[in-house]
1. Considering Glu606, Glu550, which residue is of a type in the set (D, E, K, R) and over 29 Å from the mean Cα position of the chain (by Cα)?
2. It is to be established whether one or more residues within the stretch 78-90 are free of Cβ contacts under 8 Å to residues at least 12 places away in the same chain, among the small types (Gly, Ala, Ser) and in a loop (DSSP other than H, G, I, E, B).
3. If we scan the stretch 350-359, do we find a residue that is touching a Ser or Thr at 6+ places or on another chain (Cβ under 9 Å), touching a residue at least 12 places away in the same chain (Cβ under 8 Å) and either assigned to a strand (DSSP E or B) or crowded, with 22+ Cβ neighbours inside 10 Å (or both)?
4. Taking the criterion of being surrounded by fewer than 19 Cβ atoms within 10 Å (Cβ to Cβ) and either among the polar types (S, T, N, Q) or free of Cβ contacts under 8 Å to residues at least 12 places away in the same chain (or both), would at least one residue in the stretch 219-226 satisfy it?
5. Criterion first (among the basic types (Lys, Arg), modelled with pLDDT of 95 or more, touching a strand residue (DSSP E or B) at 6+ places or on another chain (Cβ under 8 Å) and buried (at least 16 other Cβ atoms within 10 Å of the Cβ)) does Lys285 satisfy it?
6. Give the residue that is surrounded by the fewest Cβ atoms within 10 Å (Cβ to Cβ), with candidates limited to residues of the stretch 554-584 that are more than 22 Å from Asp616 (Cβ to Cβ) and β-branched (Val, Ile, Thr).
7. Just give me the residues in the stretch 429-460 being among the aromatic types (Phe, Trp, Tyr) and crowded, with 24+ Cβ neighbours inside 10 Å, in sequence order.
8. Residue check, Met304 against (1) over 19 Å from Arg407 (Cα atoms); (2) assigned to a loop (DSSP other than H, G, I, E, B), all met but one. Which one?
Amino acid sequence: MKYFIYLMAFLSLPVFAQQNQEPEDYTIEQFYENTRIGGGYFSPEEDKILVSSDKSGIFNLFEIDISSAEMQQVTSSEEDSYFAIDYVPNSENILYSADKGGNEINHIYLLEENGTSTDLTSGENEKSQFAGWNNEKTGFYYLSNKRNPQFFDLYEMDMQSRESELIYKNEENLSFEDISHNGKLIALTKAITTSENKLYLYHLETEEMTELSEESAQYSASGFSKNDEHFYYITNAGREFKSLIAYNLETNQSSNLFETNWDVMYSYLSENDKYRVIGINEDGKNSLIIENTETGEEVDLPDMENEDIVAVNISNSEELMRLTIGTAKAPNNLYIYNFSSGELKKLTNTLNPKINSEDLVSAEVVRYESFDGLEIPAIYYKPHQATKNNKVPALVWVHGGPGGQSRVGYSALIQYLVNQGYAILAVNNRGSSGYGKSFFKMDDKKHGDEDLKDCIWGKKWLQQQEYIDSEKIGILGGSYGGYMTMAAMTFTPDEFKAGVNIFGVTNWLRTLKSIPPYWEAFREALYEEMGDPVKDSIALYNKSPLFHAEQVKNPVMVLQGANDPRVLQVESDEIVAALKENDVPVEYVVFEDEGHGFIKKENEIEGYRQIRQFLDKYLKEED
């Protein structure tokens with residue numbers, strides 16, 4: 001889904017503080033000796049936290065002892081990644097989620113202390129999603145499409161009997177958002193377009209439906225107060241940016257609880273409402289506010305120097321907080337903060353100790369003017385070795401989506417390529433999230449046109465930098481970014497010297513007809529933005545690179561996961577075949593055990609090494 005608009009511009013030609021230096025040359029294997037860690041859920045005794053990590057090569061479950069910071073592997077999957085959900089209340093049992101080979105048919109599993117693992121949502125094609133513990137902590141809510149592959153119903157599973165009960169039967173093509181503590185009210189949304197939806201509160205006992213969305217805008221639920229007196233939601237109704245709203249369930253009155261000149265991404269209350277966490281999308285990075293609701297004062301978070309607090313999780317006792325700390329120069333690390341003492345303890349060291357972080361580069365926020373004068377925000381990575389006398393090649397990087405956002409943060413592929421001497425401009429073209437609702441809607445049904453021009457003008461910005469080799473600029477992206485890569489190589493064949501398409505759409509007619517059945521609630525909204533494959537077939541044909549592949553001149557690399565349910569492998573097969581038929585240099589890499597996004601270290605190492613070799617061949621060696 002999408003968000004927002006561009007704001008105040010920085011100077012188009014910023015001055016960078018980094019000193020030019022010759023960094024050590026690191027291999028892709030060294031970058032993947034880093035460790036990625038996600039989650040961080042407190043055990044019932046709050047003496048350890050549960051995380052997901054790819055330390056084993058793919059994601060498995062690990063526990064980190066808070067006192068010693070020792071990390072112990074809990075599961076040993078070698079085929080499919082496991083992602084932590086939470087500890088089962090009052091026990092050492094664990095819930096986790098997994099699919100098969102990246103097919104996105106996630107199931108919920110129970111891992112018991114004795115090592116027994118049970119699939120709790122075992123329908124063959126049942127896609128399930130954890131939706132929170134009930135108030136008594138005797139069971140959990142979850143979403144499942146086992147009744148109808150197109151719609152997600154709400155169930156409650158009792159942990160003792162392991163039997164589930166249907167709580168809400170979804171027959172109105174709505175999406176579940178949240179449930180009250182007393183289990184009587186649920187928040188639901190209905191997608192209208194990618195930039196507009198409806199928000200409802202539904203009473204499960206009386207079957208009364210109340211609409212809270214007063215005007216065309218985006219709405220999302222943000223929880224209930226512990227006593228169920230208030231419901232909180234986030235919206236950009238009446239404003240460019242999203243704010244936090246409190247809705248009194250007794251008086252039916254709304255009040256603006258928090259707003260700023262950026263989007264509120266999320267907000268939630270701790271277990272007993274002592275703390276409120278507000279996450280803000282501030283110019284491509286996270287900004288967090290944690291308020292003590294009893295005193296009204298903000299918690300004085302520790303100064304992390306050049307690092308950002310990406311996310312937090314507050315323990316049920318409200319005495320401890322897990323912080324996820326991020327930087328462009330290292331994968332996220334986990335810390336524990338003690339509210340009483342103010343002590344901050346680091347639990348993880350994710351950067352390979354053989355890599356000197358000073359050899360990596362910081363992400364810089366820049367802005368440039370596009371073809372029509374619109375200011376485009378971007379995240380820029382300048383190689384240390386780039387100078388006027390040592391010009392380097394460059395890449396325009398396009399995020400996924402449409403409606404995604406390139407943000408300040410760590411990317412192994414970006415840092416690897418920059419370390420090898422490629423400047424990278426990660427463009428947030430019109431239609432990207434995070435810059436206001438007007439900016440977000442600017443690319444609707446204009447994909448492959450105005451958004452592509454934003455990328456081309458990003459290339460022009462790169463060419464203005466005296467240390468960039470203006471004749472050696474390529475384009476790279478995944479998913480929607482992969483489409484933009486192929487659109488650039490097809491519709492503007494002289495602009496980029498090479499393109500790397502990672503599981504990108506090349507035939508919008510097929511993709512929009514073959515979206516997974518569980519996307520049904522979002523299908524019409526997607527058609528409103530991209531086009532209807534029946535009503536808008538001509539326009540979609542015209543913007544699909546596959547049907548115009550004869551226009552491609554320059555080399556292309558394509559990477560694809562065989563289990564991708566969103567962009568089917570046939571998309572990549574056909575564009576590769578068409579390019580070969582036209583004698584265009586093309587390289588093709590297919591991973592049989594990946595889906596829409598590669599997460600196995602061995603595959604990422606192999607794929608990203610080949611990307612570097614491809615770029616070296618066509619952007620460095622070619623004159």
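1. Numbers: Glu606 fails: over 29 Å from the mean Cα position of the chain (by Cα).
Result of the check over Glu606, Glu550: Glu550.
2. Here is the first cut: in the stretch 78-90, the residues free of Cβ contacts under 8 Å to residues at least 12 places away in the same chain are none.
Taking every residue of the stretch 78-90 in turn, none turns out to be free of Cβ contacts under 8 Å to residues at least 12 places away in the same chain, among the small types (Gly, Ala, Ser) and in a loop (DSSP other than H, G, I, E, B).
3. Step one: list which residues in the stretch 350-359 are touching a Ser or Thr at 6+ places or on another chain (Cβ under 9 Å), which gives 350-352, 357.
Filter again for touching a residue at least 12 places away in the same chain (Cβ under 8 Å), leaving 350-352, 357.
Keeping just the survivors that are either assigned to a strand (DSSP E or B) or crowded, with 22+ Cβ neighbours inside 10 Å (or both) gives none.
Within the stretch 350-359, not a single residue is touching a Ser or Thr at 6+ places or on another chain (Cβ under 9 Å), touching a residue at least 12 places away in the same chain (Cβ under 8 Å) and either assigned to a strand (DSSP E or B) or crowded, with 22+ Cβ neighbours inside 10 Å (or both).
4. Initial filter on the stretch 219-226 (surrounded by fewer than 19 Cβ atoms within 10 Å (Cβ to Cβ)): 225-226.
Subset that is either among the polar types (S, T, N, Q) or free of Cβ contacts under 8 Å to residues at least 12 places away in the same chain (or both): 225.
Yes: the stretch 219-226 contains one or more residues that are surrounded by fewer than 19 Cβ atoms within 10 Å (Cβ to Cβ) and either among the polar types (S, T, N, Q) or free of Cβ contacts under 8 Å to residues at least 12 places away in the same chain (or both).
5. Working: among the basic types (Lys, Arg): yes; modelled with pLDDT of 95 or more: no; touching a strand residue (DSSP E or B) at 6+ places or on another chain (Cβ under 8 Å): yes; buried (at least 16 other Cβ atoms within 10 Å of the Cβ): yes.
The answer is no for Lys285.
6. This residue is Val570.
7. From the stretch 429-460, those among the aromatic types (Phe, Trp, Tyr) are 435, 439-440, 457; that's our starting set.
Hits for the stretch 429-460 are Tyr435, Phe439, Phe440.
8. It fails just one condition, (1).
The values are calculated or read from the model by the stated rules, or taken from the named source; none is laboratory data. Everything numeric in this text was worked out from a predicted model, so none of it was measured. Note that we place each Cβ from the backbone using ideal geometry, even for glycine, and neighbour counts take in every protein chain shown.
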